Amino acid sequence: MTDHRNDELLRRLLGPAAPEVGCETCFDELDRYVEVELTGRDPETVVPGLGAHLDGCPACREEHDSLRALLAAE
């Protein structure tokens, strides 16, 4: 494994260093998070912890990426 891959694995095993939200909050706030993200502002100021959740949750990350692509295409 490369160092980057080891770092990623270690980060996922240890969990987030900052506050993290759960999947339910993520789905409730994802639209707002992505809208802020697309304006170029820091979405963590609006929904703290959601970025950390997206880093560790493949299902929510997939939902985020799909929503972002859809909204960016509009």
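At-a-glance table
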item	result
Correct choice for Rg and Dmax of the Cα atoms in Å that was computed from the model, options [x] 15.0, 40; [y] 12.7, 37; [z] 13.1, 39	[z]
Degrees between helix 23-38 axis and first principal axis of the chain (Cα, 0 to 90, nearest 10)	70
Estimated FRET transfer efficiency (residue 72, residue 27; beta-carbon r; R0 25 Å; 0.05)	0.80
Residue-level accessible surface for residue 25, protein heavy atoms, 1.4 Å, Å²	60
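The values are calculated or read from the model by the stated rules, or taken from the named source; none is laboratory data. Keep in mind it's a predicted model, so treat the numbers as computed, not measured. A quick note on method: Cβ atoms are made from the backbone with ideal geometry, for glycine too, and the neighbour counts reach across all protein chains shown. Surface accessibility is based on the protein's heavy atoms, side chains included, excluding ligands, DNA and RNA. Shrake-Rupley method; radii C 1.70, N 1.55, O 1.52, S 1.80 Å.
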